[in-house]
């Protein structure tokens with residue numbers, strides 16, 4: 001998942017990636033609701049939806065930095081970059097399919113992540129001035145497209161979503177796989193491309209400049225707050241929540257309680273008011289805008305914190321530099337934990353993993369080494385980037 005070269009790495013970006021990793025892990029380990037109630041836990045309130053969005057935004061930043069950052073590559077260098085990104089996507093997809101075979105309750109993001117890399121390839125040649133407009137338009141319009149497509153997909157594709165994480169056998173039902181990855185699944189690529197485009201636009205800025213870092217922090221906080229405020233007005237005084245409670249799923253589930261945690265399990269059809277929510281994993285415009293804002297704020301804060309002392313956030317940036325390895329290890333560990341009876345206490349399950357991952361990150365940082373899966377992806381990328389390898393095809 002690390003896309004930046006070590007010589008050009010900004011430790012603040014790695015730290016943001018580390019926050020995303022540990023935040024996502026917390027939602028896999030701890031309950032998202034206070035046990036026995038419909039009240040969201042502090043983990044659900046803080047990390048649900050925001051951590052995975054940060055993960056995707058930072059991926060977009062990595063793509064931009066890999067293709068030159070504020071001095072973007074052109075010509076043969078850009079073609080080489082595209083081949084390298086595509087090769088990374090293939091390796092990540094293979095890892096994802098292997099993890100998909102594990103018995104786990106985690107919605108593994110990696111296959112969707114790989115697809116998003118491929119979807120982003122046409123945009124890596126764009127400068128900030130064009131990327132920001134594409135990002136804004138995609139963020140606002142892709143949820144509308146998904147809302148219109150979802151009923152048609154559900155009628156036309158049977159089943160319309162996968163029963164679990166993608167595995168190799170799912171290629172035998174290609175239309176279901178395509179529908180799940182792009183529209184009906186937990187991380188619908190149609191809307192989630194917004195995060196990569198926003199990240200790529202951010203990565204085209206001069207991220208070492210203090211004014212850019214401060215703008216990301218303050219602008220991100222403002223955007224996140226405004227998105228929540230608009231959603232609150234639409235759902236409250238303007239009657240959106242009441243309308244949603246009249247939909248089939250609104251009558252079956254406690255939507256008001258789910259708005260703080262996730263709407264991923266609901267069938268968001270039958271009312272245009274679904275586009276007014278800002279709930280995690282709803283994929284609505286205000287959800288995307290809110291999580292883009294929180295992601296930009298975290299990136300800006302991490303960059304500011306590491307301006308003078310790049311190692312200030314080392315316990316976050318060191319594991320953040322090897323997230324493909326650590327995320328995969330986390331999924332494997334949790335597949336073992338999920339098999340235990342009785343279910344272990346989440347506190348030691350989480351904090352032992354954090355301690356292990358920080359320790360591994362610091363060790364590899366000290367050795368100036370990559371994680372094993374980062375070595376594989378980097379190797380595949382270098383082979384694909386090589387003009388010689390291309391001429392031998």
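Condition check: in contact (Cβ under 8 Å) with a residue 60 or more places away in the chain and more than 20 Å from the chain's Cα centre (by Cα). Does residue 254 satisfy that? Criteria met by residue 254. Scanning the range 82-113 for residues that are in a helix (DSSP H, G or I) and farther than 13 Å from residue 328 by Cβ turns up 82, 83, 84, 85, 86, 87, 88, 89, 90, 112.
In the set (1) within 15 Å of residue 11 (Cα to Cα); (2) surrounded by fewer than 22 Cβ atoms within 10 Å (Cβ to Cβ), the condition left unmet by residue 303 is number (2).
Checking each residue in the range 27-81 for being in a loop (DSSP other than H, G, I, E, B), without any contact (Cβ under 8 Å) to a residue 60 or more places away in the chain and more than 25 Å from residue 136 (Cβ to Cβ) picks out 34, 35, 36, 37, 41.
The set of residues in the range 280-323 that are in contact with a helix residue (DSSP H, G or I) (Cβ under 6 Å, 6 or more places away or on another chain) and assigned to a loop (DSSP other than H, G, I, E, B) comprises 283, 284, 306, 310, 312, 313, 321, 322. Part of a helix (DSSP H, G or I) and out of contact with any strand residue (DSSP E or B) (no Cβ under 7 Å at 6 or more places or on another chain): does that describe residue 137? So residue 137 passes the test.
None of the figures in this text is laboratory data; all of them are computed from the coordinates on show. Only a predicted model underlies this, so the values are computations on that prediction, with no experimental measurement involved. All Cβ positions, even for glycine, are placed from backbone atoms using ideal geometry, and neighbour counts span all protein chains on display.
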